[in-house]
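Asker: Handing you this structure, nothing more for now.
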Amino acid sequence: MNKQLIEQELQQIINSDHVLVDELLKNHTYTKLGGKADFFVTPATIEEVQQVIRYAKNNNVPFTLLGNGSNVIVRDGGIRGIVLSLKKFNAIKRDGNSVIAESGARIIDASRFALEEHLTGLEFACGIPGTVGGALYMNAGAYGGEIKDCLDHALVVNMEGDVQRVEAKDFDLAYRTSNIAEKGYIVLEATFRLQEEDYHAIKAEMDDLTFKRESKQPLEYPSCGSVFKRPPGYFAGKLIQDSELQGKGVGGAEVSKKHAGFIINKTNATATDYIAVIEMVQKAVKERFGVDLEREVRILGED
Ligand SMILES: Cc1cc2nc3c(=O)[nH]c(=O)nc-3n(C[C@H](O)[C@H](O)[C@H](O)COP(=O)(O)OP(=O)(O)OC[C@H]3O[C@@H](n4cnc5c(N)ncnc54)[C@H](O)[C@@H]3O)c2cc1C
């Protein structure tokens, strides 16, 4: 891979201010972990997104999509090739009783926008720190609600670089999963079908969920939220707690004492420390309870 050539070519196809070279990804992830991206690209128009995808495909340049980095761990060696961020796509608007949010908008902001418009259905998302695109990819959910319950359809760019409308049912949304990776979609915007409701009722629900979240989660430390999916018939946090792992760690990363399902970057952890804690937890829970903990969080990049 000729980095200089790729840089020049990328700057020819999209605005050169939208291409950063050797960008440190720890500045773009919630865990504050991760080495450099060769190219951190932030297109501002759909045409620029299409150009970048077609360029990556035609030139065999590796390509990774990053939202708010709240459900990924980037390894210390960083990510080769292009890391695409849609953070400039962040508009949110109302159309009838629907909220249409661009993929780089925070789902928290979509939830607050719905509140201001007296629309119910997105309260569950008021504390989820991802983007709309990341929330759709993960079918993010909390406290009994999930994206699947309120998504109507989305606009995506497919791997050929064409814009396409996809109905909610065609994303195969299920517990913390979708078919977006398999289909190679890049979500551009999502339309949520909501209902009118009294402002104070929506606000009361959001305040209640915020209180629950703040009292139970170690939000004062960098983390990626719940590291593991809920194993059928169990709660990951309870298994970890009962394995007496809270407060145990490797380097600067440790299992949170406040919420056993969280691993926190307590003191300048590396991604290697963080991943070692994940593996320590999986091993201990398997030995003690015979349960395999499957990661919810994705690990990207190289050592
Ligand atoms: C403190 C904390 C609390 C959390 N609480 C919850 C919770 O209650 N419920 C919950 O479900 N999750 C929770 N999470 C996890 C996380 O916020 C969600 O999974 C969120 O949906 C991830 O969005 P993101 O934009 O950060 O995605 P990223 O972590 O950046 O990426 C996740 C995946 O989404 C893909 N992706 C991102 N944008 C797009 C796009 N536009 N098109 C296609 N694919 C895309 C990426 O390629 C990647 O594979 C929490 C995390 C933290 C740190």
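Quick note: the coordinates plus some simple rules give every number you see, no bench work behind them. The shown structure was predicted, so the numbers you read here are calculated from the model rather than taken from an experiment. Counting neighbours? That spans all protein chains shown, and the Cβs are built from the backbone with ideal geometry, glycine included.
Asker: Check every DSSP H run in the chain and write down those whose alpha carbon atoms cover 24 angstrom or more along the long axis and whose mean Kyte-Doolittle hydropathy is -1.0 or greater.
Answerer: Qualifying helices: 271-289.
Asker: Within the set of other residues whose C-beta is less than 11 Å from the C-beta of ARG288, count the net charge using Lys and Arg as +1 and Asp and Glu as -1.
Answerer: Counting the neighbours of ARG288, the net charge comes to -1.
Asker: Could I ask something else about it? Net charge near GLY67: determine it from the other residues with C-beta under 14 Å of the C-beta of GLY67, scoring Lys and Arg +1 and Asp and Glu -1.
Answerer: +1
Asker: Ranking GLU244, GLU205 by Cβ neighbours within 10 Å, fewest first, what do you get?
Answerer: Ranking GLU244, GLU205 by Cβ neighbours within 10 Å, fewest first, gives GLU244, GLU205.
Asker: Using a 10 angstrom cutoff on alpha carbons, build the Gaussian network for the chain and name the most mobile of GLY96, GLY133, GLY67.
Answerer: GLY96
Asker: Quick one: which residues, 5+ away or cross-chain, put their amide H under 5 Å from the amide H of ARG298? H built at 1.01 Å from N.
Answerer: Amide H to amide H, under 5 Å and 5 or more residues apart or across chains, ARG298 pairs with VAL72, ILE73.
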